[in-house]
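Novice: Supplied in structure tokens, the structure appears directly below.
The values are calculated or read from the model by the stated rules, or taken from the named source; none is laboratory data. All values derive from a computational prediction rather than experimental measurement. Here the Cβ positions follow ideal geometry from the backbone for every residue, glycine too, while neighbour counts run over all protein chains shown. Note: accessible area is taken over every heavy atom of the protein model, side chains too, but ligands, DNA and RNA are not part of it. Shrake-Rupley method; radii C 1.70, N 1.55, O 1.52, S 1.80 Å.
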Amino acid sequence: MIEFPKPKVEQFFRTYSITDFALSGDEERLIFSSNLNGKVNLWAMDLPNLFPYLFAHRDESVSFIKFDPKNRYVLAGFDKDGDENHQIYALPAEGGLPEPLVTGNPEEKYYYAHLSEDGNRLYYMTSEGNPSFLNAYVKNLEDQSDTLLHEGSESTTYLESVSENEQAFVYTQSLANTYVRAFVKHGDETHYLTPDPEKVHVAFESAFVNDSSIYFLTDYDSDFVYLAHFDLEDKLFSEVLKIENESLQNLKWNKEQNMLYFSTEKGVTDLLYRFDPDSTKLEQVSTPVDIIDKIQITKSGNLYLLGTSATKPHNIFQWMGDSEWKPLTDNRVLGLSEEDLVDPEEVSFQSYDGLEIEALLFKPKPENDNGHAIFWPHGGPQHAERKQFRSMFQCFLNRGYTIFAPNFRGSTGYGSSFVKLVEQDWGEGPRLDCLAAINWLFDNKLADPEKLFLIGGSYGGYMALLLHGRHPEYFKAVVDIFGVSNLFTFVESVPPHWKPIMERWLGDPVRDKDRFTKDSPVTYLDGMEKPMLVIQGAKDPRVVKEESDQIVAKLKEKGREVEYLVLDDEGHGFSKKENEIKVYSAMLDFLEKHQV
Ligand SMILES: CC(=O)N[C@@H](C)C(=O)N[C@@H](C)C(=O)N[C@@H](C)C(=O)O
């Protein structure tokens, strides 16, 4: 018979993203955002037909999708080439070309917040006139008038939820990723949802179950996020439901069933639950994926989910009851089954001070193993490497590399005090965790000390640069993907709405000058002696191109071997298929070149 070769790495390049979805009120149409035709657009399926058709063409990243409850139009947010200046567009019910609805200066941001029950009023936030703190407006879609609802002050302020009678509004104020307080405005009255807003905690994902009863998520006086309640009539805060060692997220309220749905983050995986607040019955719902990106519960009580696992690209599913999920999309890796891909092992090790660190260990199939390993510090830093599908990882694995990704201190999924450990300490504790991780790999013969590569993106790119500069002896070669190279320039260049967060997150460049110098990769240029590949999106608003430009220029001045790949039409990530292929191919070639 015909003999076919083993799966080739090019097959992994042809996996597509699904980043968001929404169901129409009658559940007859499903719209999702995907780069199915190479760039991100909106695709639709008229259920039960599962063949997608192009619904909106703009070739740009999508920030939200919302159906008019009366099916007269669809709203969506798009930015430009990854600049994250999202603006709000409207589409006819049957799709087409997005028409500007809440747009203006292309340098400004317009974020969707809420659509009224009758679909006639759109609530949104904008940086226009208040770049750091944001203002909230309501647009009357009948006469197109805009009314200012709230002027953000003190810190970045987001409109989170609106009561059904549109008289009460919950806002969050972010003072740090770990300090977000929520307050409700009702007429002239304003009340914080938690008892003491001065205590550091987070409060978010609020849902009005009636005009005076608000459920929300918080870690107030707790290490993990739990379900809480605020009663607007008696101004009473109460704890409702805690799940040990799990942090709640994605809270959704279904009025018709009187049921709350949420997922929880537990280390490297997510779990899904539903909770009846009257009977206090909690039920875990098994899912077909390890990571839950979004859930939607329709009026009829149907549950839809967008999720992924290490061996499963993003797909959308409908819950059929018990543990049965019907896949609505069939996004897969070209010509490969799950068995051809690698599922990571969850391992843990003790760091330099005894702190337990969890990590994902991806081992290539024995027939592919090339004896080399890649050390991958994740981005954020207040994020985690979890069991999501990464075509980049599966490419590396197919070429035979082992991958090790530790959730160093500061990672999410292990409680609030663990997350806070990276605040104002970007370069010491987490770096020592990475060194402990590498030594653990060597001690356990999981990597060869002569054959280790280092790759990271964003904060992970920062850590890759820092480890390279301070500990070059560990690595053969290094890939930095939009990494922060200089804390002094980074802190000045972040988006204006991040500025209020910088003090707790990173510190103050004047007060903390010595620490900023010690923890900036540019301080260690002399140590950066190994070959490097630097990759950067020109429109990146988070880690701007200047961060990569300066490290590349300084290394070149010193005569170091450094390749520089700039993607002109990308931001903080690579959303366009051809760019993704360019980046993966450059990385694979670079690693191969430096194996010897
Ligand atoms: C709420 C918010 O956006 N906070 C930011 C300060 C934040 O934590 N941003 C990260 C998600 C981020 O983009 N970090 C960069 C440096 C990265 O590592 O990806």
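Novice: Computing the accessible area with a 1.4 Å probe over protein heavy atoms, can you report the carbon and sulfur percentage for the chain?
Specialist: Carbon-and-sulfur percentage of accessible area, whole number: 48.
Novice: Contour minus end-to-end for SER238 and ASN140, with contour as 0.36 nm per residue of separation and end-to-end as the Cα-Cα distance?
Specialist: Full extension of this stretch gives 31.7 nm more.
Novice: Taking the solvent-accessible surface of protein heavy atoms with a 1.4 Å probe, what is the per residue accessible area of region 1-153 in Å²?
Specialist: 45 Å²
Novice: Rounded to the nearest 0.05, what FRET efficiency do SER279 and ASN165 have when you use their Cβ-Cβ distance and R0 = 30 Å? Provide the component values of the computation, followed by the final result.
Specialist: Numbers: r = 27 Å, r/R0 = 0.90.
According to the calculation, E is roughly 0.65.
Novice: Right, something else. So what is the 222 nm mean residue ellipticity for the chain from helices alone, if each DSSP H run of at least 4 adds -39500 (n - 2.57) and you divide by all residues, rounding to the nearest 500 deg cm²/dmol?
Specialist: Working: 10 runs with 94 residues, N = 596.
About -4500 deg cm²/dmol.
Novice: I'd like the distance separating the alpha-carbon centroids of region 214-257 and region 152-188, in whole Å.
Specialist: Taking the Cα centre of each part, region 214-257 and region 152-188 sit 16 Å apart.
Novice: A further question follows. Which whole-number value in Å³ per residue fits the convex hull of the alpha carbons of region 127-230?
Specialist: About 106 Å³ per residue, rounded to a whole number.
Novice: If you take every residue apart from ASN368 with its C-beta less than 13 Å away from the C-beta of ASN368, what net charge results, scoring Lys and Arg +1 and Asp and Glu -1?
Specialist: +2
Novice: Any idea what the alpha-carbon Rg over 2.2 N^0.38 Å comes to for the chain?
Specialist: For the chain, the normalised Cα radius of gyration comes out at 0.96.
Novice: Among GLY429, LEU101, ASN250, flag the residue with its Cα farthest along the positive direction of the charge dipole of the chain, charges on Cβ as +1 for Lys/Arg and -1 for Asp/Glu.
Specialist: Towards the positive end, the residue furthest out is GLY429.
Novice: Still on this structure, please answer the following. Just from the alpha-carbon atoms, what are the Rg and Dmax of region 342-594 in angstroms?
Specialist: In order Rg, Dmax, the Cα atoms of region 342-594 give 17.0, 54 Å.
Novice: Going by average Cβ neighbours within 10 Å, how do the peptides 456-469, 54-67 rank, with the highest at the top?
Specialist: Going by the mean number of other Cβ atoms within 10 Å, highest first, we get 456-469, 54-67.
Novice: Near LYS518, which lysines are there with a Cα under 16 Å away, not counting those fewer than 8 places off in the same chain?
Specialist: LYS518 reaches no qualifying lysines.
Novice: In addition: Going highest first, how would you order 579-591, 410-422 by mean Cβ packing within 10 Å?
Specialist: Numbers: 579-591: 18.1, 410-422: 21.2.
Those peptides, ordered most packed to least, come out 410-422, 579-591.
Novice: Highest mean first, what order results for 398-409, 492-503 on Cβ atoms within 10 Å?
Specialist: 398-409, 492-503
Novice: Over the chain, what relative contact order in percent results from Cα pairs under 8 Å that are six or more residues apart? Display every interim value, and only then the final one.
Specialist: Values: 1435 pairs, mean separation 58.5, N = 596.
After rounding, I find 10 percent.
Novice: What does the accessible area per residue of region 342-594 come to in Å², with a 1.4 Å probe and no ligands, DNA or RNA counted?
Specialist: 34 Å²
Novice: If you don't mind, another one. Strictly over 21 Å apart at the Cα level, which of LYS139/LYS299; LYS39/LYS365; LYS66/LYS299; LYS66/LYS582; LYS70/LYS255; LYS39/LYS70 would you flag in this model?
Specialist: The pairs that break the limit, which is 21 Å between Cα atoms, are LYS139/LYS299; LYS39/LYS365; LYS66/LYS582; LYS39/LYS70.
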